[in-house]
Amino acid sequence: MDNKTITITKDDLATAIRALLPAYNVYAPAGEGERLAFAALDESRLGAINLTGSPVIPPKELLFPRSESLYTLDPETGAATVPEIAESTLIFGVRPCDLRGIENLDAAFLEKGYVDSNYAKRRENTTIIALACVTSPYETCFCESMGGDPLAAKGADVLLTETKAGDAFTAAFQTPKGLQVKLLWDSLAMDCGSAPAMTEGSKPAMTEGSKPAMTGQHNTLRVTKPDDLPQRLMAAFDDPHWAVLSEACLGCGTCSYVCPTCYCFDIDRESGAKEITEYRCWDCCMFSDYSRMAGGHNPRPTKKERLRNRYLHKLAYFDERYGMTLCVGCGRCIAKCPASLDITEVIEWGGGAL
Amino acid sequence: MNYTEKTKLIQTRAAALLEAGEVSYVLGWGATRFADKTRARFARSPEEAATLVYNEHCTQSLAKYLVDDRWPETRIAILARGCESRAINRMIRDNQIRRENLLILGLPCEGTDAERCRSCRAHDPVVYDELLWEPNSTGAAAAAELSRYYRADAVDALSAAEKKAYWDDVYARCIRCYACRNACPVCSCRECFVDMHRTGFQGKRHSATDNQTFGVTRAFHVGDRCIECGECERACPMGLPILAQTQKILKEIEALAGDYEQGLDAAQDNYLGAFDLDDKDDFM
Ligand code: SF4
Ligand code: SF4
Ligand code: SF4
Ligand code: SF4
């Protein structure tokens, strides 16, 4: 393990990321406040990297874009063009909960017999550098209650952890893709000659402060989630309490669009005189038209049925099919819901605590 | 009077109304597990009335929930500050709700945490059945810290090129969650144009152009009826300054027509929606 870790001081972070630019399309959280988002980096944007918070829109949008063209047709000739999917993308600074969200997407898009080719290609071409949450970015974070570990990201190619002293990150290289990143960083250390940007973890010079922080200030929000929550919630399908849970809901797309695990999409077409585009875009089960059938019948006519569906998909249906919960406890939907709905209340109610 | 005392008054009045069976529920705010968040609460029993809260975190305006229950069997009691009361007037004018279905418990307001409250010109309710405490001594139009059109004024100060960059940036960041639409008390079409995909009014694709089509159409559809509650902007998860849109429309109407403020009474016409049956429509 030791020869698989190096330390990067915060001062050298830009240098380390610069070294990745020739090899990858690099995305990292950049911008301040409400503008904090995963952004494509180039030399001019290196200074905007901001690892202090967690963007409202999770990194899932880089694997499963808000909108993507599936193909375009030339209306004259009927010739179809299928857009290329970028080679070698690297996402820097993925939080552990968001990585688990990507693992949820992997199950939905790659398992059970149907492989979504666009998702599969992007996933294959993407290297993920995760960032451990030494402090929880939102007061609404509850990943630990959902079985997550804010300091671990097993599936990530590289895991960065802030050191105890807080002036550097240790990088652990966890996969072959991660070792490719290490090669780039190793050569950088050599280039730097007498003033190495990187210290090899195997060198004995590791002081107490340069060790990765193994404890941190973790989630203040703690939720009790029973193991049989899916069964309990399914048994409560007709419970009148769903109407109470949903009465404040405004039926918008916020909770789905900020969620790292929501993966519903729609396919539609834009017909122009010069080009016809078949595209797919995010969709949301809270919208009234989502479940509307041809002819106008809607099996989920009110927000009660829609909200129940959203919560049951998160906390029961996905578990049944894939053996994992479709909520990773990132807390975004709680932080951003305009009506202050709170999924943890559903978890506790389902568990019999309310 | 502090918030604890006000909360007590609300709870007591709500419990009495529910006890007497005078209303089917009292629409107010309740606590969440987060100290800085409250949530709309529909109190249906005296016990539930005891869970109503009132404080500076009651940033959400409650009026929109009235369209979820257009035909109540028994009256609904709603806690109404300036913004809720103006929304109620406008919703009555738009035939969305009926005055006789409501028991309006007026709450003279001192503003909440929401930025928009600092520009509010109607802290005291403009329509109510009873006030739960004394009106503000400064009157309805308490001296506001921000100007009425504070967002629109800021955009108006930009050059044409800067304005374009400003709105391009806003529409690029919009995620089309429609929280702004759904929170707005005067947005009340049974089926919104954005949900009519087959008509081609609004592409479902997320692109700056489609986002702009939505944003501008929404603003025009509510602009001359906007009661300036700021719910649209408060609801936006991306923190977009969209209040600038309807403020701009109101500002222009005021420049054309003089004093113009919506929701002050339930008989007011809206500027862009006014028509005359004798109009010749020569252009059509
Ligand atoms: S729960 Fe909140 S974010 Fe989700 S649809 Fe309802 S109002 Fe919107
Ligand atoms: S449901 Fe909410 S808390 Fe759970 S993963 Fe989605 S956004 Fe995060
Ligand atoms: S609430 Fe904000 S992000 Fe959502 S559709 Fe409206 S402007 Fe766009
Ligand atoms: S447009 Fe915005 S400010 Fe105007 S009434 Fe609607 S939510 Fe309120």
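Brief remarks on what is shown
Results for (1) under 17 Å from the mean Cα position of the chain (by Cα); (2) away from ligand 4 (no atom under 15 Å from the Cβ); (3) open to solvent by 10 Å² or more (accessible area, probe 1.4 Å), shown as yes or no for each residue.
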| position | (1), (2), (3) |
| --- | --- |
| B:Asp168 | no, yes, yes |
| B:Cys184 | yes, no, yes |
| B:Lys248 | yes, no, yes |
| B:Glu254 | no, no, yes |
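- Qualifying residue in region A:257-273 (condition: touching a strand residue (DSSP E or B) at 6+ places or on another chain (Cβ under 9 Å), open to solvent by less than 70 Å² (accessible area, probe 1.4 Å), aromatic (Phe, Trp, Tyr) and assigned to a helix (DSSP H, G or I)): yes
- In region A:317-336, the qualifying residues are those that are farther than 14 Å from B:Phe34 by Cβ and open to solvent by 50 Å² or more (accessible area, probe 1.4 Å), and the one that is farthest from ligand 1 (Cβ to nearest atom) is A:Gly323.
- Residue in region A:264-285 that is away from ligand 2 (no atom under 16 Å from the Cβ), more than 9 Å from chain B (Cβ to nearest Cβ), in contact with a helix residue (DSSP H, G or I) (Cβ under 6 Å, 6 or more places away or on another chain) and under 24 Å from B:Ala40 (Cβ atoms) present: no
- Lone unmet requirement of (1) touching a strand residue (DSSP E or B) at 6+ places or on another chain (Cβ under 8 Å); (2) at pLDDT below 85 for A:Met190: (1)
- Identification of helices (runs of 4 or more DSSP H) wholly contained in region A:32-150 with 1 or more residues that are farther than 26 Å from A:Ile334 by Cα and open to solvent by 30 Å² or more (accessible area, probe 1.4 Å) yields A:96-110, A:117-125.
- Residues satisfying the stated conditions in region B:25-60, i.e. assigned to a loop (DSSP other than H, G, I, E, B) and within 11 Å of chain A (Cβ to nearest Cβ): B:Thr32, B:Arg33, B:Phe34, B:Ala35, B:Asp36, B:Lys37, B:Arg44, B:His57, B:Cys58, B:Thr59, B:Gln60
- Here the helices (runs of 4 or more DSSP H) wholly within region A:295-340 that include at least 3 residues being outside the structural domain of A:Thr140 (by TED's automatic domain parsing) and within 10 Å of ligand 2 (Cβ to nearest atom) are A:332-336.
- Which listed residue is within 14 Å of another protein chain (Cβ to nearest Cβ) and in contact with a helix residue (DSSP H, G or I) (Cβ under 6 Å, 6 or more places away or on another chain), from B:Ala152, B:Ala235, B:Ala144, B:Ala219: B:Ala235
- Any hit, region B:105-122, residues being outside any loop (DSSP other than H, G, I, E, B), within 14 Å of ligand 4 (Cβ to nearest atom) and within 14 Å of chain A (Cβ to nearest Cβ): yes
- Test: B:Lys280 is open to solvent by 50 Å² or more (accessible area, probe 1.4 Å), of a type outside the set (Asp, Glu) and within 16 Å of ligand 4 (Cβ to nearest atom): no
- Residue list for region B:27-52, restricted to those being open to solvent by 30 Å² or more (accessible area, probe 1.4 Å) and either out of contact with any Asp or Glu (no Cβ under 7 Å at 6 or more places or on another chain) or away from ligand 2 (no atom under 16 Å from the Cβ) (or both): B:Ala31, B:Ala35, B:Asp36, B:Lys37, B:Arg39, B:Arg41, B:Arg44, B:Pro46, B:Glu47, B:Glu48, B:Ala50, B:Thr51
- Failed item in (1) in contact (Cβ under 8 Å) with a residue 12 or more places away in the chain; (2) more than 13 Å from ligand 1 (Cβ to nearest atom); (3) over 21 Å from the mean Cα position of the chain (by Cα), with A:Leu312 passing the rest: (3)
- There is no residue in region A:293-304 that is of a type outside the set (Ser, Thr, Tyr), more than 16 Å from ligand 4 (Cβ to nearest atom) and within 30 Å of A:Thr135 (Cα to Cα).
- Residue in region B:192-206 that is in contact with a Ser or Thr (Cβ under 8 Å, 6 or more places away or on another chain) and under 29 Å from A:Gly33 (Cα atoms) present: yes
- Failed condition for B:Phe193, given (1) more than 11 Å from every other protein chain (Cβ to nearest Cβ); (2) within 18 Å of the chain's Cα centre (by Cα): (2)
- Only residues that are assigned to a loop (DSSP other than H, G, I, E, B), among the small types (Gly, Ala, Ser) and either more than 19 Å from B:Gly203 (Cβ to Cβ) or free of Cβ contacts under 8 Å to residues at least 12 places away in the same chain (or both) were counted across region A:226-256, and they come to 3.
- Qualifying position, being farther than 20 Å from A:Val258 by Cβ and in contact with a Phe, Trp or Tyr (Cβ under 9 Å, 6 or more places away or on another chain), among A:Asp149, A:Asp167, A:Asp157: A:Asp157
- Boolean, B:Phe220 is outside any loop (DSSP other than H, G, I, E, B), over 21 Å from B:Ala122 (Cβ atoms) and open to solvent by 70 Å² or more (accessible area, probe 1.4 Å): yes
The values are calculated or read from the model by the stated rules, or taken from the named source; none is laboratory data. The structure presented is a predicted model; accordingly, all values stated were derived computationally and were not measured. Counting neighbours? That spans all protein chains shown, and the Cβs are built from the backbone with ideal geometry, glycine included. Calculation scope for accessible area: heavy atoms of the full protein, side chains included, ligands and nucleic acids excluded. Shrake-Rupley method; radii C 1.70, N 1.55, O 1.52, S 1.80 Å.
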